[in-house]
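See structure below.
The values are calculated or read from the model by the stated rules, or taken from the named source; none is laboratory data. Keep in mind the model is a prediction, meaning the values are calculated, not measured. Here the Cβ positions follow ideal geometry from the backbone for every residue, glycine too, while neighbour counts run over all protein chains shown.
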């Protein structure tokens with residue numbers, strides 16, 4: 001099924017201060033991400049009862065859109081800065097089977 005390119009990332013921050021700083025970094029980075037046409041969904045979540053964890057869900061139009069995202073200056077800066085706040089990172093690439101998702105830019 002050629003319906004997008006998705007991943008989830010679980011970040012565990014070092015402590016409460018690191019979590020706040022990581023969140024601020026993500027917020028700064030979102031300005032650039034919101035302008036990426038091939039990035040369909042990019043959402044950060046805090047799991048219930050896990051205040052030091054952030055789970056990202058990312059959906060791209062295709063693998064090329066993901067690669068374009070990874071090459072953006074704002075993303076490269078985030079990737080460089082984030083390590084100081086984290087104790088672990090787990091990435092899972094996903095194959096879409098069925099679901100509801102944005103149809104295009106007008107859905108964002």
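Which count do you get for residues in the range 27-46 that are part of a loop (DSSP other than H, G, I, E, B) and within 18 Å of residue 85 (Cα to Cα)? Residues flagged as part of a loop (DSSP other than H, G, I, E, B) and within 18 Å of residue 85 (Cα to Cα) within the range 27-46 amount to 1. Counting only residues that are closer than 23 Å to residue 35 by Cβ and either surrounded by 15 or more Cβ atoms within 10 Å (Cβ to Cβ) or in contact (Cβ under 8 Å) with a residue 12 or more places away in the chain (or both), the range 78-96 holds 3 of them. Just wondering, is there one or more residues in the range 4-11 that are farther than 18 Å from residue 101 by Cα, surrounded by 17 or more Cβ atoms within 10 Å (Cβ to Cβ) and at pLDDT 95 or above? Yes, there is a match, as at least one residue in the range 4-11 is farther than 18 Å from residue 101 by Cα, surrounded by 17 or more Cβ atoms within 10 Å (Cβ to Cβ) and at pLDDT 95 or above.
Look at the range 2-26 and say how many of its residues are assigned to a loop (DSSP other than H, G, I, E, B) and more than 18 Å from residue 81 (Cβ to Cβ).
3
The set of residues from the range 26-61 being surrounded by 14 or more Cβ atoms within 10 Å (Cβ to Cβ) and over 12 Å from the mean Cα position of the chain (by Cα) comprises 32, 36, 38, 52, 53, 61. Which count do you get for residues in the range 47-72 that are in a loop (DSSP other than H, G, I, E, B) and within 24 Å of residue 96 (Cβ to Cβ)? Qualifying residue count for the region: 5.
Yes/no per residue for (1) out of contact with any strand residue (DSSP E or B) (no Cβ under 8 Å at 6 or more places or on another chain); (2) touching a residue at least 60 places away in the same chain (Cβ under 8 Å); (3) at positive phi:
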residue: 11; (1), (2), (3): no, yes, no
residue: 18; (1), (2), (3): no, yes, no
residue: 21; (1), (2), (3): yes, yes, no
residue: 35; (1), (2), (3): yes, no, no
residue: 38; (1), (2), (3): no, no, no
residue: 42; (1), (2), (3): no, no, no
residue: 49; (1), (2), (3): yes, no, yes
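Flag not set for residue 75, criterion: more than 13 Å from the chain's Cα centre (by Cα) and either surrounded by 14 or more Cβ atoms within 10 Å (Cβ to Cβ) or not in a helix (DSSP H, G or I) (or both).
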